[in-house]
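The structure appears below as structure tokens.
Just so it is clear, none of the values below were taken in a lab; they were calculated from the coordinates. Since the structure is predicted, the reported quantities are computational estimates derived from the model, not experimental observations. Positions of Cβ are generated from backbone atoms using ideal geometry, with glycine treated the same way; all protein chains shown enter the neighbour counts.
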Amino acid sequence: RVHGDLTLTRNLLPSPALVLGELCELMDPAVAQLWLAQQSWTYLAERLVLGYVVLRFILGTLVPLLTSAEYRRGLVAAAIKFLRKNVPGAAGAVAKEQQKILDDIERNVVGKDAVTERVEKFREIPAKGLSIDKLTEIIGVLKSGEAQYASRKAFGGIYHEEGLKVSKATMLAYQSFTYTNALYPSLFPGLRKFEAEVVRMSAAMLCGDDEVCGTMTTGGTESLIMAMKSYRDRAAALFGITAPEIVIPATAHPALNKGAHLLGVKLVIVPVDATFRADMAAFARALNANTVMAVGSAPAFPHGTMDPIEEMAALCAARRIGFHVDCCLGGFLMPWLKRLGALPGNFDFSIQGVTSISADLHKYGNSHKGASVVLYRSKDLRKYQYFCATSWPGGLYCSPSFAGSRSGGCIAAAWAALVANGQDGFMAAAASMQRAFERTVAGIRAVPGLRVIGDPVASIVAFTSDEFSVLQLADEMTARGWDLSRLVMPTCVHWAIGERQVELVDAMLADIAECAQICRAHPERAKEGMAGIYGMAGTLPDRTIVDDILTGYMDVLLKA
């Protein structure tokens with residue numbers, strides 16, 4: 001219906017106010033006039049709302065689409081996921097390609113001529129127990145497969161040399177307390193002493209006062225998850241927070257992702273800046289009323305960079321948020337480098353805003369796998385780590401960490417490592433490793449085409465290339481016996497430096513320089529071997545495809 005200046009079709013989307021005005025005019029002209037008088041204001045309000053919606057769309061969708069590679073990757077991933085589910089044959093085609101990759105992985109990782117093929121397979125318990133001589137034979141064959149590790153060209157997560165004084169001390173302690181269990185402190189009083197003193201010595205090393213306390217755990221993953229549990233439970237008990245959030249940089253260890261999954265905590269991941277340290281502006285924006293914990297790394301495992309711990313801790317302290325320093329990698333290296341004046345910043349309990357720290361003894365602490373400590377500013381925070389069951393028919397039960405029974409051997413070996421090393425031993429080792437680290441950084445920067453990632457401070461050197469495939473370089477180094485770790489987002493490789501690698505710097509740098517020249521001359525090799533697999537894994541937008549590949553990889557490793 002058309003009436004004067006009013007036309008229901010004058011707008012592509014007529015407003016409800018116009019429609020009602022027309023209807024009212026049919027019934028009562030006076031009411032219609034009132035509607036018409038109000039129409040200009042209603043029209044303006046509607047346009048303001050529409051403008052707000054459009055602006056939100058532009059800021060929330062178009063701007064990220066144009067400026068954020070991560071956002072674009074997410075959209076592409078969503079599109080691929082949709083196609084996999086809805087396009088006939090797509091899922092099967094993806095599965096076929098995944099299987100090809102898994103076959104490549106099995107050839108590269110397991111291999112048809114692996115040392116494990118030279119000994120008998122056991123798919124069920126043998127009817128008759130093997131003799132000690134037979135066991136010795138099998139174990140000897142399997143140990144012979146560690147030639148690459150024995151050459152020291154492969155890191156393997158082992159940070160110290162066996163056969164020396166500290167190794168002998170830890171083996172003595174481990175063997176002496178192999179058949180003990182920390183769940184029964186009254187039966188094994190030595191274990192209680194060992195654990196309490198390991199915690200106390202670790203706290204003192206990290207500038208903790210007498211109030212700093214903690215527990216031992218089986219490794220960095222458990223230490224981080226225990227800290228997450230403590231902050232989550234404390235926030236629920238004291239502040240009634242039922243939707244807890246934990247803020248971490250993108251380079252933080254995935255043990256935190258695992259913990260968030262297990263504990264039902266929302267993980268808020270903030271980007272890193274151009275130096276691969278936590279972006280402070282993004283970090284500040286991420287903190288809110290539900291944040292129960294924030295984390296910084298000293299150093300971060302991927303690139304050896306250290307987050308701005310002092311600034312992060314100060315910001316958290318001002319907002320009364322717990323701040324945890326993940327020192328799992330460098331916990332028994334960084335304190336000695338600090339004393340040597342080799343670090344660009346501080347990271348320990350001397351910073352007031354630091355409320356907890358995790359540090360692995362089985363890395364630069366020279367202990368056996370697995371041993372770590374998680375330390376807290378006070379008992380008021382540590383108590384939320386404990387688990388107690390008071391209504392179990394089996395009796396009163398409590399444990400300080402995830403595990404119930406705990407290996408006494410690992411606890412004893414950790415204590416022995418600290419007291420056998422002494423401060424003098426730790427300082428000497430730290431100085432030696434840092435010299436090797438600095439020579440490695442300088443040497444890689446001197447190789448044409450290579451670029452060091454960020455500004456590493458200790459332990460880890462990561463590097464990439466804008467001129468050739470650095471993953472291909474890793475494969476070329478593998479052929480020469482070296483084992484460089486391959487990383488993604490960004491694509492790079494890294495090398496970790498422990499006491500076993502100190503004397504290999506010159507040889508490694510010479511091989512890196514030669515392999516870089518090979519990569520320039522033969523770029524076609526970049527699609528072969530592990531370079532092709534990691535290159536694909538690093539660029540796939542749909543990370544669920546990579547999840548499936550990793551799941552298959554675990555299945556390959558566990559195949560008997």
- Which order do peptides 401-407, 354-360, 442-448 fall in by mean Cβ count within 10 Å, highest first? 354-360, 401-407, 442-448
- Give the peptides 301-311, 121-131, 429-439, 408-418 in descending order of average Cβ contacts within 10 Å, highest first. 408-418, 301-311, 429-439, 121-131
- Amide H to amide H, which residues 5 or more places from ALA403 or on other chains are under 5 Å from it, using H placed in the peptide plane? none
- With label points built 7 Å along Cα→Cβ from the Cα atoms of LEU55 and SER391, find their separation and express it in nm. 5.4 nm
- Once the dipole of region 203-310 is set up from charges on Cβ (+1 Lys and Arg, -1 Asp and Glu), the residue from the list SER230, GLY304, HIS261 lying farthest towards its positive end is HIS261
- Query: If the chain between ALA507 and ILE269 were fully stretched, how many nm would it gain, using 0.36 nm times the residue separation less the Cα-Cα distance?
  - Reply: 81.8 nm
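Evaluate the relative contact order of region 108-198 (contact order divided by residue number), counting alpha-carbon pairs under 8 angstrom at least 6 apart; express in whole percent.
Computed over region 108-198, the figure is 17 percent.
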- Note on the structure: Here, HIS522 and ASP424, labelled 7 Å along Cα→Cβ, have an inter-label distance in nm of 5.1 nm
- Item | Calculated FRET efficiency for the pair ALA446/ASP133, C-beta based, R₀ 51 Å, to 0.05 | 0.45
- Quick one: if the Förster radius is 41 Å, what FRET efficiency do LEU164 and LYS379 give, using the C-beta to C-beta distance and rounding to 0.05? 0.65
- Message: Spelling out what I want: for every residue of region 437-450, take phi, set θ = phi - 60°, compute 6.51 cos²θ - 1.76 cosθ + 1.60 (Karplus), and round to whole Hz; glycine and proline get x.
- Response: 4, 5, 5, 5, 4, 5, x, 5, 5, 7, 7, x, x, 9
- Item | Of THR170, GLN98, ALA150, farthest towards positive along the dipole that unit charges on Lys, Arg, Asp, Glu beta carbons give region 98-198 | THR170
- Could you pull out every one of the aspartates and glutamates with an alpha carbon less than 20 Å from that of LYS338, ignoring same-chain neighbours closer than 8 positions? ASP209, ASP307, GLU310, GLU311, ASP326, ASP348, ASP360, ASP424, GLU438, ASP455, GLU499
- Message: Given a Förster distance of 30 Å, report the FRET efficiency between ASP455 and LYS96 from their Cβ-Cβ distance, rounded to the nearest 0.05.
- Response: 0.10
- Query: Can you list the residues of region 340-375 with backbone N under 20 Å from a point 7 Å past the Cα of MET171, pointing along Cα to Cβ?
  - Reply: 362-371
- Simple spin-label estimate for GLU46 and ASN290 in nanometres, 7 Å along Cα-Cβ: 3.6 nm
- Using the Cα gyration tensor of region 247-382, with a ≥ b ≥ c the square roots of its eigenvalues, what is the shape: rounded (a/c below 1.5), prolate (a/b larger than b/c) or oblate (neither)? rounded
- Query: Of the cross-linked pairs LYS100/LYS134; LYS128/LYS559; LYS96/LYS143; LYS100/LYS153; LYS193/LYS363; LYS165/LYS559, which ones have a Cα-Cα span greater than 27 Å in the structure shown?
  - Reply: LYS100/LYS134; LYS96/LYS143; LYS100/LYS153; LYS165/LYS559
- Find how many whole Å separate the alpha carbon centroid of region 395-432 from the alpha carbon centroid of region 130-159. 25 Å
- Under 15 Å by backbone N from the virtual spin label 7 Å along Cα-to-Cβ at MET489, the residues of region 269-299 are 269-273
- Give, in nm to one decimal, the length gained when the segment between SER151 and ASP209 is fully stretched (0.36 nm per residue of separation minus the Cα-Cα distance). 16.7 nm
